[in-house]
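Here the structure is laid out as structure tokens; the discussion comes afterwards.
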Amino acid sequence: MKRVECEILAPAGRAADIAPLLENGADAVYVGLAGYSARPESSDFSAEEIWEALPSVHEEGKKLFAAINANVPGEKIEELCGLIEELDEKGIDALILSDYGLMNRVSKIVRHAQLHASTLTGVYNHEDVRMLQEMGVSRIILSSDLFVDEIVDLTDKVPDMDYEIVADGGICFNSNRQCLLPHFGQKEGYSVYCQKEYELLKDGTFLGPAKRIGNPPGKIHRTMGIYLGMGIRSFKVEGRTNHLDYILQRVKDMAESKKFYLEHLSEIPGMMHYIRRSNWYEV
């Protein structure tokens, strides 16, 4: 049996958010690298801000990840690789990447940081996982539109990979969150177009406010035990642009679920019956 940990991963949109997240149950925090993250720059960190945050995070025995999951034009690759090398030297624990070419390049220059394949990478089968593994990727952030049996197939066929799920956050209506809007939004300083307010017009006449495009949040913490049994290692709370109080409540919910299931491991095999799986991973 493979022994895995249960990690709660929380988002930080400001440097001041990191300490309270760690104090309230987060095992690791992820931040966006300004200019290279699929979120508004107002919620991102400069490379210098990430460097400054690292010592205090490591003093707590926790980890800090940098999300670099935006579309990167060719003329910025060299500049970005330079920043990545500096982050690696400063001790960043992991880099969350979505571009296959960038992953391949970064795998040849980093010495310490782990490489995590973003949910935007689009992993749907075990051959994808094995290819990324050969490129040096140590964790796959699973797509939110995978079915349970598809997740089980991945973790069964490639058990020596770490897997992460978005356990609490918005469920994008696009297949694997493959949305073209962020590419336009980055040019205007905004990337999450589905969260903006819209108006309905007909022939120029205002009909009323439109509902947001984004779907309501999905919350997996209530069934964390089943995902632990599948071999999921990390549970991500999504939302770097959300207010800190909202994120803290989500982290507390996850921490309570983690505590409960770690104290009731004997119940997990029974849960596996619901997904027709006889074996499970010890935590």
- [ ] May I ask you to list the trypsin sites (Lys or Arg not before Pro) in the range 17-121 that are in a DSSP loop and have at most 11 other Cβ atoms within 10 Å of their Cβ?
- [x] Lys108, Arg111
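What is the fewest-to-most order of Tyr124, Tyr36 by other Cβ atoms lying within 10 Å of their Cβ?
By the 10 Å Cβ count, ascending: Tyr124, Tyr36.
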Task: Sites Glu23 and Glu75, calculated FRET efficiency, Cβ-Cβ separation with R0 35 Å, nearest 0.05 - done: 0.25
Task: Vicinal HN-Hα couplings computed from phi for the range 81-87 (Karplus, 6.51 cos²θ - 1.76 cosθ + 1.60; Hz; Gly/Pro x) - done: 4, x, 5, 5, 4, 5, 4
Task: Cα-only radius of gyration and Dmax that characterise the range 118-164, units Å - done: 9.4, 26
Task: Relative packing of peptides 240-247, 135-142 - highest average C-beta neighbours within 10 Å first - done: 135-142, 240-247
TODO: Could you calculate the FRET efficiency of Lys259 with Arg14 from 1/(1 + (r/R0)^6), where r is the beta carbon distance between them and R0 is 25 Å, rounded to 0.05?
DONE: 0.40
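Bear in mind these aren't lab numbers, they're just calculated from the coordinates by the rules spelled out. Here the structure is a predicted model, which means the values were calculated and not measured. Every residue, glycine among them, receives a Cβ derived from its backbone with ideal geometry; neighbour counts consider all protein chains shown.
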